[in-house]
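First up is the structure itself, then whatever we jot down about it.
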Amino acid sequence: MILINCDDLGYGDLGCYGSTRNDTPHLDRLAEEGIRFTSFYTASPVCSPARAALLTGCYPPRISFSLFEGIPVLFPGMAVGLPTTEISLARVLSDAGYATQAIGKWHCGDQPEFLPTNHGFDHYFGLPYSNDMGRQVDPPTILDDLPPLPLIVDGEVVEQQPDQTSLTDRYVAHALDFMRSNADRPFFLYLAHMYVHVPIYVQEHFAAASRNGDYGAAVATIDWATGVLMAELDALGLADDTIVVFTSDNGSLGDDPPQWGTTEPLGSSNAPLRGAKATTWEGGQRVPGIVRWPGSIAPGRVSDELVTAMDLYPTLAALCGGSVPDDRVIDGRDISDLWFGDAPSPHEAFFYYRRNDLEAVRVGRWKRHYSKDGAAQPALYDLEADIGETTDVLAVHPDVVAELDAIADRARQAMGDDRLGVVGTEIRPIGRVENPRPLTVYDPDHPYVIAEYDIPDKG
Ligand code: MG
C-alpha cells in the first residue's frame, strides 16, 4: 500500500480535476487506471487535525486534536500531540505484518512520544511539521524566533534547515529504497509531501517547464514523484498487488495570497469550489482523492459519492486483514464497496469542524452552514445544483434545515461545539508530555545552518 498525502493541494490543481494551468500526466494516468472521487473530504481544513484524522479514522474533535493550546495547528516544541493510546493506521498495518515507512511531513506532535516511530512506523524520514516553521529571513510575528527546521531519521535530527529545493528528490529516493527492500513482503508507504505548502522552493528544471510559476513546478514535482513510484511498482512486478491512494490534507489557498509576504496569489486552485484552506467552504475540505489497484478496481471510474480521508483507516485495515479497534468510536467507514462497484456512501452526514466549532454539515446534496470563524453565518446550499455555494436556499427548504439540524445536534452532543458551549460526551484526550523541548536550538555559529529560508510567503 502506498498512501500519498500532499500539503495544501487544491481540488482544482490537477489536470484530472480540471486544471488548465498545471501539467499532471502521471496523476491523470493514475486516475484513468483507477477511481477518482469528486466528493472526497478531508476531516479538517488545516494540517495537524487533518493528518491525525487520516491516521486514526476519527474526526479531530473526537480525539481532541482540533485546537492545540489555543492554536489551530501544532508548532515546534509544543507539549501536546497524538497519544499512543490512539491506534494509528500504521500500527494496524504493522500488526498485520506490514513493513511500514513514513516519509515527509508528520505534524502530529514533535516530542519523541508523538513521532511516527511511536505510531506503528518502522522508520521515518522527514520534517516533523510545516516547512515554513524554521529559520526565515524577515519572518512574520507568528513564525518569529522558531528553531531551525529539523530533518529527522526515525527519532534523530540529522540535518537542520535542509535545502528544500532538493528535499522531494530525497523523499523519492528513500521511498524507492523502502519499496525495493520490502518487495517480497507486504509494505505500507506513507509519503506525505512537503509540497505545495509555502514557501515553495523548486528545482530549476521544473520551474523552467512550468506554465504556472513555482506553484506549477511544485505540482509537477509531486506528479513526477508519483510517476517514479508507479514505474518502480512496474519494475518490481508489484503494480497489481499494490493499492495506491493519492490525496491532500486540506484545500489550497486558492485565489487568496499567502497570509504574509507577497500579495500575489500563488496560482493554486480549488475550482470550481468556494473558499480555501482554513475554511469550511467546500474549497477548504473537498480535495483530490484517487485510488488505483489494477485488476481489482476497474479503470476509469469516477464516483461522486461522499467519502472521507477517515475512511481509509477501516478500508485499508479490512483489505490487509488488519483489525480495527472495537473499544472506541471510529468515524471512518469501510468504503471498499465503492472502490469495487457502484455502492452508496455509507455516511449519513459529513461534519465540517473548524477548531472545535461545528461550522457546517452535509447530508446528501444539502450543505447547511452554521458559523464561520466563531460568528453565526447560517445558510443552506444545494451542492448538486450549486457546487460553488453561491445561492443560499435556507428560506426555501425549512424541512431540509430541520432534518440537518437534528443530525448536527447529535454530532455536537458527541463531539462538542465550542461556539455553542457544548461539551462532547464521546471524546478522547490529546497526548501531553511534561517539559517539552524543541528538537533544535538556534545557534548562529552552527555549521549545519546553511539555508535561511528567504521566500517571504508564509501560510
Ligand atoms: Mg496542509
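The values are calculated or read from the model by the stated rules, or taken from the named source; none is laboratory data. None of these values were measured; they are calculated from a predicted model. When we count neighbours, we look across all protein chains shown, and the Cβ atoms used for this are built from the backbone with ideal geometry, even at glycine.
The number of residues in segment 1-42 being part of a loop (DSSP other than H, G, I, E, B) and either under 29 Å from Ser94 (Cβ atoms) or under 17 Å from the mean Cα position of the chain (by Cα) (or both) comes to 14. Here is the figure for segment 180-238: residues that are under 25 Å from the mean Cα position of the chain (by Cα) and in a helix (DSSP H, G or I) total 23.
For segment 10-33, check the following and say yes or no: at least one residue is among the charged types (D, E, K, R), touching a residue at least 24 places away in the same chain (Cβ under 8 Å), out of contact with any helix residue (DSSP H, G or I) (no Cβ under 7 Å at 6 or more places or on another chain) and within 22 Å of Pro272 (Cβ to Cβ). Yes, the conditions are met somewhere in segment 10-33. Based on what the data block shows, is Arg292 assigned by TED's automatic domain parsing to the domain that holds Arg21, surrounded by fewer than 24 Cβ atoms within 10 Å (Cβ to Cβ) and basic (Lys, Arg)? Answer is no for this residue.
Yes or no: segment 103-110 includes at least one residue that is outside any loop (DSSP other than H, G, I, E, B) and touching a strand residue (DSSP E or B) at 6+ places or on another chain (Cβ under 6 Å). Yes. Within segment 11-25, does at least one residue satisfy the condition of being among the hydroxyl-bearing types (Ser, Thr, Tyr) and within 13 Å of the ligand (Cβ to nearest atom)? Among the residues of segment 11-25, not one is among the hydroxyl-bearing types (Ser, Thr, Tyr) and within 13 Å of the ligand (Cβ to nearest atom), which makes the answer no. Just so you know, in segment 53-71 the residues that are surrounded by fewer than 24 Cβ atoms within 10 Å (Cβ to Cβ) and in contact with a strand residue (DSSP E or B) (Cβ under 8 Å, 6 or more places away or on another chain) include one that is modelled with the lowest pLDDT, and it is Glu69. Can you find a residue in segment 240-250 that is more than 17 Å from the chain's Cα centre (by Cα), part of a helix (DSSP H, G or I) and at pLDDT 95 or above? Looking through segment 240-250, at least one residue is more than 17 Å from the chain's Cα centre (by Cα), part of a helix (DSSP H, G or I) and at pLDDT 95 or above.
Here the condition is being within 15 Å of the ligand (Cβ to nearest atom) and touching a Cys at 6+ places or on another chain (Cβ under 6 Å); of Ala31, Ala52, Ala43, it holds for Ala52 alone. Of all the listed residues (Thr280, Thr263, Thr315), the sole one being in contact with a Lys or Arg (Cβ under 7 Å, 6 or more places away or on another chain) and either assigned by TED's automatic domain parsing to the domain that holds Ile222 or in a strand (DSSP E or B) (or both) is Thr280.
The criterion of being among the charged types (D, E, K, R) and surrounded by fewer than 24 Cβ atoms within 10 Å (Cβ to Cβ) does not hold for Asp311. Among the residues of segment 130-152, just one is free of Cβ contacts under 8 Å to residues at least 60 places away in the same chain and either under 23 Å from Pro83 (Cβ atoms) or not assigned by TED's automatic domain parsing to the domain that holds Gly57 (or both), namely Met133. For Arg355, the conditions (1) at pLDDT 95 or above; (2) within 16 Å of the ligand (Cβ to nearest atom); (3) in the same structural domain as Gly12 (by TED's automatic domain parsing) all hold with the exception of (3).
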